[in-house]
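Participant: Next up is a structure, given as structure tokens.
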Amino acid sequence: MEKDFTAAGSELLRQFSLKAIEADPNSQFGYIGLAHSYRIDAQFGWHQEEHDQQELLKLGAEYADKAILLAPDDFATHYVRARIHTDAGESEQALAQFDQAIALNPSNSDALVASAGTLLNVGRTDEAINRIKQAMGIDPFYPDWFNWQMGWALYEKNDCGAALAAMRKMSRIPNGAQRMLAGIQACLGNVQEAKEALAVFLKDSPGESIRKERREWEKVYNPRGLERWLKHMRIAGLPE
């Protein structure tokens, strides 16, 4: 689910998930996939012609709750619900669901790394970095998005050189991660590189703006971190 961070990849996930539900409506897997697809669209501003961010998160929550009802002992149902809580700015509920997911599957590295994102939102940066390192230790062949998450964590630590090095460990930086790359390059004063990265991100998210990011993220992100991020987005050329 985390491998193709593009609008097309999200739509493909949704179509496959619908087919899974059609084949077996009493299985949790299709509902988990749908929940992730709507969550991803809400996070990156994709496919918002019919639903705005709040509506997408509501749809994602409904499908995640359905998955939990069908399979309360499957860590993946709590994992997706935690991620939706995070994107809705419900950090306490998110961390509680992550704790449940990790308790059900302590060796799952994805849950550890995703929970780090919630910790970053509330300013608990060192804890987040430790969780990412723990996850990398569990899975030596960890996926690229762990480096993306570490890049974000190091950006929050204001170690933007190390953040850029983490991002460059990815085998390919997908469109969804180009916004993070733009913020890191702006932090380093690499204005042209920041503008180029943001331009790639905006291909899938042409309606993104400073005003939109402030409105959507102020309920999620700690205020000091948000102002720093918006400053770097302005450097990268994000329109007001």
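The values are calculated or read from the model by the stated rules, or taken from the named source; none is laboratory data. All figures in this text were calculated on a predicted structure; none of them were measured in a lab. FYI the Cβ positions are ideal-geometry reconstructions off the backbone, even for glycines, and counts take in every protein chain you see. We work out accessible area using only protein heavy atoms, side chains counted, and drop any ligands, DNA or RNA first. Shrake-Rupley method; radii C 1.70, N 1.55, O 1.52, S 1.80 Å.
Participant: From the square roots a ≥ b ≥ c of the eigenvalues of the alpha-carbon gyration tensor of the range 51-137, which class results: rounded (a/c under 1.5), prolate (a/b over b/c), or oblate? Mind showing how you got there, number by number?
Facilitator: On the way: a/c = 2.48, a/b = 1.28, b/c = 1.93.
Because a/c hits 1.5 or more and a/b fails to exceed b/c, the range 51-137 counts as oblate.
Participant: Which loop-located trypsin sites (Lys or Arg not before Pro) does the range 179-240 contain, where loop means any DSSP state but H, G, I, E or B and the Cβ has at most 13 other Cβ atoms within 10 Å?
Facilitator: LYS219
Participant: With runs of 4+ DSSP H residues as the only contributors, calculate the mean residue ellipticity of the chain at 222 nm using -39,500 (n - 2.57) per run, divided by the residue total and rounded to the nearest 500.
Facilitator: Working: 13 runs with 174 residues, N = 240.
My calculation for the chain gives -23000 deg cm²/dmol from helical runs alone.
Participant: A further question follows. For the range 78-179, what does the alpha-carbon gyration tensor say about shape, rounded, prolate or oblate, given a ≥ b ≥ c as the root eigenvalues, a/c under 1.5 as rounded, and a/b over b/c as prolate? Walk me through the numbers on the way to the answer.
Facilitator: On the way: a/c = 1.71, a/b = 1.38, b/c = 1.24.
Prolate is the answer for the range 78-179, as a/c is 1.5 or above and a/b outweighs b/c.
Participant: Measuring from centroid to centroid over Cα atoms, what is the spacing of the range 128-193 and the range 27-58 in Å?
Facilitator: 24
Participant: A further question follows. At 1.4 Å probe size, with every protein chain present, just tell me what the per residue accessible area of the chain comes to in Å². The partial results should precede the final answer.
Facilitator: Values: 11030 Å² over 240 residues.
Each residue of the chain exposes 46 Å² on average to a 1.4 Å probe.
Participant: Give a quick list of chymotrypsin sites (Phe, Trp or Tyr not before Pro) in the range 115-158 that DSSP marks as loop, anything other than H, G, I, E or B, with at most 13 other Cβ atoms within 10 Å. Walk me through the numbers on the way to the answer.
Facilitator: Working: sites: PHE141, TRP145, PHE146, TRP148, TRP152, TYR155; in loops: PHE141.
Loop-located and lightly packed - PHE141.
Participant: Residue by residue through the range 25-34, which ³J(HN,Hα) values in whole Hz follow from phi under the Karplus form 6.51 cos²θ - 1.76 cosθ + 1.60 (θ = phi - 60°), with glycine and proline marked x?
Facilitator: Karplus values, whole Hz, x for Gly and Pro: x, 9, 9, 6, 5, x, 5, 4, x, 4.
Participant: Compute the distance in nm between two label points, each set 7 Å from the Cα along the Cα-to-Cβ direction, one at LEU226 and one at ASP73.
Facilitator: It is 4.2 nm.
Participant: Further question: Based on the alpha-carbon gyration tensor of the range 25-93 and its eigenvalue square roots a ≥ b ≥ c, which shape applies: rounded if a/c is under 1.5, prolate if not and a/b is larger than b/c, or oblate?
Facilitator: Details: a/c = 2.46, a/b = 1.45, b/c = 1.70.
Here the range 25-93 falls in the oblate category.
Participant: Once label points are set 7 Å from the Cα along Cα→Cβ at both ALA199 and ASP99, what is their separation, rounded to one decimal in nm?
Facilitator: Result for the modelled spin labels: 4.7 nm.
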